[in-house]
Amino acid sequence: ESAALWGGRFAGGPADALAALSKSTQFDWRLAPYDIAGSKAHAKVLHRAGLLTDADLDAMLAGLDGLLADVLSGAFLPAEDDEDVHTALERGLLERLGAELGGRLRAGRSRNDQVATLFKSYLREHGRIIARLVLEQVNTLADQAEKHLGVAMPGRTHLQHAQPVLLSHHLLAHAWPLIRDLDRLADWDARVAADSPYGSGALAGSSLGLDPQYVATELGFTNSSANSIDGTASRDFVAEFAFVTAQVGIDLSRQAEEVIIWATKEFGFVELDDAFSTGSSIMPQKKNPDIAELARGKAGRLIGNLSGLLATLKAQPLAYNRDLQEDKEPVFDSIDTLEVLLPAFTGMIRTLRFNTERLEELAPQGFSLATDIAEWLVRQQVPFRVAHELAGACVQECEKRGIELWDLTDSDLAAISPLLTPDVRTVLTVEGSLASRNTRGGTSVDQVTHQLAELHARAAQY
Ligand code: ARG
């Protein structure tokens, strides 16, 4: 006999092919503890509405607690013909409490408001777990920045040498996007917290006088849904969560790409720790940045999960449609992906060794101090248009002769322009260039020190 929750008006059970298609326990079972929490809150609100006696409530809560323990221990599992997590748990409750009491819990709720609520609870918990892991990555970047404060490196645009920057400044540039991801998770959480769908029923609310705000509070929400149709049919909260996970993936992927490049022989900026790199089955010398490559690859997967989800949601009429059952697997996968990726990624960055000598040596290469000449001229009241021309002329002269900017003699400089007095030499060092970029957000040691403090203060909010 089928344990379906909707057998009453049907002559027989569902066709095997339908049951196979319909079934979701293989992926929604992870929601079981959240469903039971929802059931406990629902039992209390039924009691408050006079639909369960004190004794009924006690027995119901004890039954649900026992069921939860069995779910957590693995003693209770979905059966072959349980359609979904809700169906399986209903069966478990009936087995424990009997049909008379067990059969009372479903009053005034539907799987539609149930699933919308518990999915929110599940995502909120994993949002917190992901936030902790992201925060560890932020702190790891900050630690590396702190440890290497003062080390210069070539800053790039278009992957070409642009201007010298502090390695710390560069590392922190990867931390701020993650801080914004933490902000996004917190904003998302506050929005979701104010919108508990329990009490929305199938779509229209409940006639039983159950207080949705009481259930919301019981489940750690700040308010219940203002509209029962919206409460049961909206999944923008899932899409938004999937977006944040995709953005975290993209932010990691950008760091990953740099680690991959930096670890090449040609760059030689970093060495990966043995514990966080892999070898080759044929080439004995190899040390591969697999974590970084997996991060880059998994970013694609996270983006795919978001795109698939948005396509599922598009053009669904109100209210609940079974299409919505497709909302779970993509975001579960995104969560699993980040929860396995972030610890490895953080370990890789934490143990990364920087070749600071090489970074320092390359910092002024590629005429990266040319802008310093131009800005020095501007400080001597030369219009920037002229200054840019003259600095360009210096670069041209150096390229022609195969020398660096600081190799130009006083007379070389004077020959290019009398405006280029020997004093210009003061900015033709990496230290001078870095120190001169000393306003908020700049790459001077002072500013990066402030920046680190600011980052620590922001991170401390989480
Ligand atoms: N398992 C479904 C889901 O994940 C909930 C069941 C609602 N089913 C229904 N026929 N109203 O969305």
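List of remarks:
- Cβ-Cβ contacts under 7 Å between residues 6 or more apart (or on different chains), taken from a first residue in segment 80-95 that is more than 15 Å from the ligand (Cβ to nearest atom) to a second residue that is not in a helix (DSSP H, G or I) and not basic (Lys, Arg), are listed as Gly92/Phe76; Leu93/Leu105; Leu94/Gly103.
- Identity of the residue in segment 259-314, among the β-branched types (Val, Ile, Thr) and at pLDDT 95 or above, that ends up nearest to Leu341 (Cα to Cα): Ile291
- Here Leu94 passes the criteria (1) crowded, with 21+ Cβ neighbours inside 10 Å; (2) part of a helix (DSSP H, G or I) except the one numbered (1).
- Residue in segment 225-242 that is more than 23 Å from Leu178 (Cα to Cα), exposed (fewer than 15 other Cβ atoms within 10 Å of the Cβ) and among the aliphatic types (A, V, I, L, M) present: yes
- Scanning segment 110-133 for residues that are within 16 Å of the ligand (Cβ to nearest atom), of a type outside the set (Phe, Trp, Tyr) and either at pLDDT below 95 or part of a helix (DSSP H, G or I) (or both) turns up Arg111, Asn112, Asp113, Gln114, Val115, Ala116, Thr117, Leu118, Lys120, Ser121, Leu123.
- Of everything in segment 321-361 that is among the aliphatic types (A, V, I, L, M) and touching a strand residue (DSSP E or B) at 6+ places or on another chain (Cβ under 8 Å), the residue that is farthest from the ligand (Cβ to nearest atom) is Leu359.
- Checked against (1) in contact with a Ser or Thr (Cβ under 9 Å, 6 or more places away or on another chain); (2) modelled with pLDDT of 95 or more; (3) closer than 18 Å to Pro154 by Cβ, Ser436 passes all but condition (2).
- For segment 15-60, a residue qualifies if it is free of Cβ contacts under 8 Å to residues at least 40 places away in the same chain and under 30 Å from Arg322 (Cα atoms), and the qualifying residues are Ala15, Asp16, Ala17, Leu18, Ala20, Leu21, Gln26, Pro33.
- Test: Pro364 is farther than 27 Å from Leu135 by Cβ and more than 16 Å from the ligand (Cβ to nearest atom): yes
The values are calculated or read from the model by the stated rules, or taken from the named source; none is laboratory data. Source: prediction; values computed, not measured. Using ideal geometry, Cβ is built from the backbone for each residue, glycine included, and neighbour counts are taken over all protein chains shown.
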